[in-house]
Amino acid sequence: MVSIILVECGVIVAEHRTEAYCHPSHSVGASPYSFFNATHRSAMSHFFADDGEKIHLHVSGNGTPPIVMLHGWTSSHQEWFPFLQDLNTHHRVWRWDARGHGGHALSQPTPPTVQRMARDLRNLLETYDLEEVVAVGHSMGALTLWQYIRDYGCDRLGKICLIDQSPKLVTAADWPHGVYGDFDEHRSSAFINELEQDFPEAVLRLGALGLNRRAREKYEANAKGWAKAREWLSQLPSNPLIACWQSLTEADYRDVLQQIHIPALLIYGGESNFYHSSTAHYVAARIPRALLHIYEGTDHSPHQWQRERFVRDLLTFVVG
């Protein structure tokens, strides 16, 4: 699904040209984060996709295998900042701002669909000649990985980590494992209309009015974190992000799961805003070499709520 305000809030300080992240010790509901400038800085780099679009990214750390980290919808590379100190010690880490994300205006007419983002990922791996990559995808990032595997197989990938995502967002009579367990074609279409009318509020409501009670309470109280997220979202070009979202809802990767022959670490939130635990078990049962962890008491961003555990689980998985 999407990251929405669950981690993007930290990107608000991007205008100050500094890395930043949100700390879970100051709860704002499903977005358990406060904001502050961090001492770590890294230079923004970029590469050009095969259609000429500039894709921005940060590269840090040393060691192999390389780790490529893919953020969620409306988020940016800063989603991964809290984990860099541990990961950089052992690995070269690549964090992009996906096409149309991170506040970067598009220079090409190509919309940031999940298919295009998967091709961008292919371009990244080829540009820097990365092999045996550990690819980590949260939400939209997981969908991007599934699209990549559909298009290119597991070429250049060594292992993958997927965080709190369904292979098909839109539900149906025979598919209860999408968003909320109740997000059919009619509801999906209505949400597109809401995005076109008031993009920031529609994005916030998507996360607030789902399965996580705490998120609803904090949204209704207009807690500080949600207000800051609203401010950040209002600054983003909405049309590319709406086109991106539409491509996510049109995708169906159920057939891809059994094609994943490399090890896969699955991290799901026990109180996800979007998915029941049955979604996690569905995915785990269909990826041949999957290892599932459900972080109880956490939302759509389980890695942000239990950071030490996530880093430990990821590094153990990488060397295992």
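The values are calculated or read from the model by the stated rules, or taken from the named source; none is laboratory data. If you're wondering where the values come from, they're calculated on a predicted model, not measured in any experiment. Neighbour counts run over all protein chains shown; Cβ positions are idealised from the backbone, glycine included. What goes into the accessible areas is simple: the full protein's heavy atoms, side chains included, and nothing from ligands, DNA or RNA. Shrake-Rupley method; radii C 1.70, N 1.55, O 1.52, S 1.80 Å.
Counted without the sites themselves, the longest stretch of the chain free of trypsin sites (Lys or Arg not before Pro) in a DSSP loop having at most 12 other beta carbon atoms within 10 Å is 42-288. Taken per residue, the accessible surface of the range 191-233 reaches 49 Å², heavy atoms only and a 1.4 Å probe.
GNM on the chain, alpha-carbon springs under 10 angstrom: the most fluctuating residue among ALA229, ALA49, ALA118 is ALA49. Shape class of the range 224-310 from the alpha-carbon gyration tensor: oblate, with a/c at 1.5 or above and b/c at least as large as a/b. Straight-line cross-link partners of LYS159 among the aspartates and glutamates, defined as a Cα under 12 Å from its Cα and at least 8 positions apart when in the same chain: GLU131, GLU132.
For the range 105-220, the share of accessible area belonging to carbon and sulfur comes to 43 percent (1.4 Å probe, ligands and nucleic acids excluded). Just the accessible area for HIS104, please: 1.4 Å probe, Å², rounded to the nearest 10? We get 50 Å² for HIS104.
Sorted from longest to shortest, the spans of the Cα atoms of the chain along the three principal axes equal 47, 46, 41 Å. Counted without the sites themselves, the longest stretch of the chain free of GluC sites (Glu not before Pro) in a DSSP loop having at most 13 other beta carbon atoms within 10 Å is 133-295.
Measuring between their Cα centroids, the range 126-201 and the range 233-306 lie 6 Å from each other.
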